[in-house]
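To keep things clear, I will list the structure first and then write my remarks on it.
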Number of protein chains: 2
Amino acid sequence: MDKTLSYISLGGIGEVTKNLHVYQFGDEILLVDCGLGFADETMIGVDLLLPDISYLQKAVTQNKKKIVGMVISHGHEDHMGALPFVLPQFPEFPIFGSSFTATMANEKLEDFGLRPAVREISFNHDVQIGSFTISLIHVTHSIPDTSHIVIKTPLGNFYHGSDFKFDLTPFSGKKTDFQAIAKAGSMGIRCLMSECLGSERPGYTPSEQTLQEPFIQAIRDCPGKCIVTTYSSNISRLQQIITIAESMNKRICFVGRSIIKTKELARQKGLLAYNKSREVQPDQVKRYKDNELVLFVAGSQGQENSALTRIVNGEHRDIQLHKQDVIIFSADPIPGNEVSVYSVIDAVSKLGIKVLYSDIGGNFHVSGHGSSQELMLLMSLVKPRQVLPISGGYRHMVAYRELAKQAGFSEKDVILAQAGQEIIFYKDRVQYGQKIPLRHIYVDEVSGEQMEHFVLHDRQKISQEGIVAIIAEIEGETGILTGMPEIVSRGLPSKDSQEITKVVAEALKKAFPQKSQISDWNYLRKQVREIAEKAIYEGFSRRPLVLPVVIET
Amino acid sequence: MDKTLSYISLGGIGEVTKNLHVYQFGDEILLVDCGLGFADETMIGVDLLLPDISYLQKAVTQNKKKIVGMVISHGHEDHMGALPFVLPQFPEFPIFGSSFTATMANEKLEDFGLRPAVREISFNHDVQIGSFTISLIHVTHSIPDTSHIVIKTPLGNFYHGSDFKFDLTPFSGKKTDFQAIAKAGSMGIRCLMSECLGSERPGYTPSEQTLQEPFIQAIRDCPGKCIVTTYSSNISRLQQIITIAESMNKRICFVGRSIIKTKELARQKGLLAYNKSREVQPDQVKRYKDNELVLFVAGSQGQENSALTRIVNGEHRDIQLHKQDVIIFSADPIPGNEVSVYSVIDAVSKLGIKVLYSDIGGNFHVSGHGSSQELMLLMSLVKPRQVLPISGGYRHMVAYRELAKQAGFSEKDVILAQAGQEIIFYKDRVQYGQKIPLRHIYVDEVSGEQMEHFVLHDRQKISQEGIVAIIAEIEGETGILTGMPEIVSRGLPSKDSQEITKVVAEALKKAFPQKSQISDWNYLRKQVREIAEKAIYEGFSRRPLVLPVVIET
């Protein structure tokens, strides 16, 4: 029987995040990306999801297949954040990525005490990986050095069009390599795997340049501290705002571990430049007048432990809000984060402090993903036989199909796969193969702030780890814990169980009398959870599932 | 000391829902609205919120004040849904509302076994309530007979501008009474309390008429069943689509208890007209060809128990989805419901069935709330001395302040109150009074579908009612329960506790083997909760807090 080329998504189909794509030729497996998933607000006590790699484990151990290598498209968490969880489970294989992608991914591995494993390769440079030959093409997105991947196989060429937009005037000046895309197209492409998140949006995504004037005006007119929150990895955005701040002789300050780490990496790689003498450390902010300062603060998604949320709740050691300050959201809520983000915006509004965000206009953010016309332009440049939308919800994939039909593809040439569905490419036809069952796998938050407490925690281990429910009454107006919290535990040795009740009650008692100004119900609940988890872990080296129930009295 | 007029919001400031506004003159209290709040997805096991009425209870019992009456602005749950909870706690007082408002509110009271209490009054008709004189002005919104309320007091006139938009071409033909608004304005208005939900949106909200062509085209071109979901109380929307369906000789069918009840009430009041012979009952749908049918299905917010969610999950007794069907969302997600709504849209997309919703354009919904220009037009017509935004989050109130400043109000004449903050109007000045502490009070869902199981359930009673956590492993691909669920209970008599474990395990075992096609993680979790709650209530007449933890294997 002739060898076939098959494609399977173990994550990143029917969902935006958790990207892990499998290209398989004979017994050789090439992986593209290895990302985390983001939990939504309905998943109690869950922060992150991992792709289910049991198919790969079985392929390697039972079916004598071999992972010949991996390519990473860009340095976002949902494309490389699962590396520390996945790599240790397999024999070593080569991993490739562009310069900043390799930097971000290797940093991630080192955070977990693992060796750097991602090799930096240049754009437009063929790399042989078993029977596959790959090369990276530079595209614009919201992190430097983002790539599309051309994958040559004995059964034809594939174009893996991961997250991108076509910004013709990117602030960094580093444009999409349209020539390289067109050249790949002229080579003949069997199938274009294309991201599809923006397929519902008509037209083109506006350029980063459209943010220039609004930021100049906002920073110039800000009577107090100008606090900007954006994705930590959006280096070009940081550079754009820093450049404006420098031109006005402002001092700049980075607050929050994730943003401090990323800007350092970007500086080292020459992707971020500013006058070091203008930088102020968070604990020195008080020495300057408020209106001399532009702060870059992590937490644009309303994350409960982020610097921004702590500042807004009056709990940050170094940064206090004053009436004249202005907070700018240079990011939109990721779907599923609306409640958290708007509760921060409402909390700021309630404090009487000005907050600028997309819904009130002003233009402080543009998406990193292309809209309909850009997705169609990619189809036109690549001219594939088939298209297969990836990295979107099922609704985005359906919207992408409509675009493809408008672009002249027949319905049968638009492949709507499901996660785990094998798509087999023969010489002259395409066919559905096996459907691999995929499980949801959850892990706790692993952002910088929490790293020290991090323990990998598969929710399926609850029966071994136990469960602790905490019912705490907290005075809404003052944030003071009233009475003793009710604590219910199970699945723990009964001696531990009693001790845990005592220890958690004490930890909560200790934490809450000093607190105040907490006006965010959700934040409070997560605080209770975190305090309890920490106390239990420190006292008993246990990580039971903690379910907080906070009652405001 | 001279008497003053004070205004306090016990709900409906800093939030869109849970409206309960207090106008107080001397020892007389006039209430406006009495609504439920909607919980967001971060509030575990909580569906609805009640306004905290302890201030009113104290005022009546200790401070010898008297509730002289209540006016209800319109028949939406967040303006009258708390009546059954609040009324029994006070001596009787007169309640007034427009015709359909009274119908909806009285129906609600009867659902709870209470006597109808809301008296119907006509628009533009003075009603004396103690020292207050009120009259209703008709405005357009998304439910018939919506009113603004002019409140004359010995300390000046107030204009309570509850939810509205200025649709110049409403489908019902029943327009905003601009003359009456202008007349109120010319009388001299002390303060305009105005809703502010749309204050972030520029321009005007489009008219309902803009939906006409898109619906004609969608229904005409639909090859299967055309399934429309909207708010049950949006009678004008229903009438608009029914009229189109009738013109194409379609049969119509209403699915879901809430929509069936509301359309019956609207028919009785002469607000909804169609040829009865074209109506099909849900259990007769199978007798007709799919493309003969237009279905109106409850569940536009992705509610876990709604007819729509059950249809999409293949669990509805009467309605099955077929490939040719089209589902139209004629409603946007209420903030906080995004995850639920998009998970339904994704589930439909995954089934390969067409779904039309706002993000992909097509124009099947317009908001019931006015945008910036309409809010400013109301200011111009009413010409108040002061404005005070209500019925919005703090961010909306801040955006409203910007509009008011554009409209010529000085910053000091824009009153940004907080929930529970007393605002005292003296003859010649305004002053902040006491700040009443307000608690969050939670109740279980009371939608039509669940009415039979309804028990008022204050979360503060958890210590009396107990808590049951369920850890169930369910096979993601098939929806089958694997192994015995882990059940942890506390706060229940220990005999009950053991029995409950047994009963819940059996109920879950029984429920899940027959299920299939469940692709919605959130839905699954809520199903587990509901099955367990029902089993516990039926077997033990208990309503502990049930925390479901579903693990997909």
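Tabulated results
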quantity: Nearest-first distances (nm) between copies at A:Asp359, label 7 Å from Cα via Cβ; calculated: 1.7
quantity: Segment B:125-250 - convex hull of alpha carbons, volume per residue in Å³; calculated: 135 Å³
quantity: Degrees separating the helix B:257-268 axis from the principal Cα axis of chain B, which is the longest one; calculated: 50 degrees
quantity: Set B:Lys405/B:Lys435; A:Lys108/A:Lys174; B:Lys165/B:Lys526 screened for pairs whose C-alpha atoms are more than 30 Å apart; calculated: B:Lys165/B:Lys526
quantity: Angle between chain B longest axis and helix B:521-540 axis [Cα atoms, degrees, rounded to 10]; calculated: 90 degrees
quantity: Alpha-carbon Rg/Rh ratio, for segment B:195-337, with Rh computed the Kirkwood way; calculated: 0.97
quantity: DSSP-defined beta bridges in the protein assembly as shown - what % are antiparallel, rounded to 5; calculated: 50 percent
quantity: Helix-derived mean residue ellipticity, 222 nm - over the protein assembly as shown, DSSP H n ≥ 4, -39500 (n - 2.57), to 500; calculated: -8500 deg cm²/dmol
quantity: Selected from A:Asn157, A:Thr146, A:Ala180, residue furthest toward positive end of dipole (segment A:54-207; charges at beta carbon); calculated: A:Asn157
quantity: Total charge dipole magnitude, segment A:276-315, about the Cα centre, Cβ charges on Lys, Arg, Asp, Glu only, Debye to nearest 20; calculated: 200 debye
quantity: Cα gyration tensor, segment B:9-108 - rounded (a/c under 1.5), prolate or oblate; calculated: oblate
quantity: Rounded if a/c under 1.5, otherwise prolate or oblate - chain A, Cα gyration tensor axes; calculated: oblate
quantity: Inter-centroid distance (Cα atoms) of segment A:268-334 relative to segment B:291-354, Å; calculated: 42 Å
quantity: Shortest-first nm distances, B:His322 label point to equivalent points in other copies (7 Å, Cα→Cβ); calculated: 7.0
quantity: Flagged links, alpha-carbon separation over 30 Å, of A:Lys58/A:Lys412; B:Lys261/B:Lys286; A:Lys350/B:Lys58; calculated: A:Lys58/A:Lys412
quantity: Whichever lysines have a C-alpha closer than 25 Å to that of B:Lys495, once near sequence neighbours (fewer than 8 apart) are set aside; calculated: A:Lys495, B:Lys461, B:Lys509, B:Lys510, B:Lys534
quantity: Per DSSP, loop trypsin sites (Lys or Arg not before Pro) in segment B:52-128 with at most 12 further Cβ within 10 Å; calculated: B:Lys64
quantity: Copy-to-copy label separations for B:Asp221, where each label sits 7 Å from Cα toward Cβ, in nm and ascending; calculated: 4.3
quantity: Net charge, B:Ala507 excluded, C-beta distance under 11 Å - Lys, Arg +1, Asp, Glu -1; calculated: 0
quantity: Cysteines in chain B lacking a second Cys C-beta under 4.7 Å; calculated: B:Cys34, B:Cys191, B:Cys196, B:Cys253
quantity: Degrees between helix B:338-350 axis and first principal axis of chain B (Cα, 0 to 90, nearest 10); calculated: 40 degrees
quantity: Debye, to nearest 20: dipole size of segment B:240-353, +1 on Lys, Arg Cβ, -1 on Asp, Glu Cβ; calculated: 500 debye
quantity: Principal axis dimensions, largest first and in whole angstrom, of segment A:90-148 by Cα; calculated: 32, 32, 14
quantity: Size of charge dipole - the protein assembly as shown - debye, nearest 20, with Cβ of Lys, Arg +1 and Asp, Glu -1, no other charges; calculated: 640 debye
quantity: Mean projection area, nm², convex hull over Cα of segment A:325-365; calculated: 2.8 nm²
quantity: Sparse-neighbourhood loop sites, trypsin sites (Lys or Arg not before Pro) in segment B:293-367 - DSSP loop, at most 11 other Cβ within 10 angstrom; calculated: B:Arg317, B:Lys323
quantity: Neighbourhood charge, 15 Å Cβ-Cβ cut-off, centred on A:Gly130 and excluding it, Lys, Arg +1 and Asp, Glu -1; calculated: +1
quantity: HN-Hα J in Hz across segment A:389-395 - Karplus 6.51, -1.76, 1.60, θ = phi - 60°, x for Gly and Pro; calculated: x, 10, 6, x, x, 4, 5
quantity: Size-normalised alpha-carbon gyration radius of the protein assembly as shown, reference 2.2 N^0.38 Å; calculated: 0.94
quantity: Formal net charge of residues neighbouring A:Glu246 (Cβ-Cβ distance under 14 Å; K, R +1; D, E -1); calculated: +3
quantity: DSSP bridge pairs, chain A: antiparallel proportion in percent, nearest 5; calculated: 50 percent
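No value in this document is a laboratory result; all are computed from the given coordinates. Quick caveat: nothing in here was measured; it's all calculated off a predicted structure. Cβ sites come from the backbone with ideal geometry, for glycine too, and all protein chains shown count toward neighbours.
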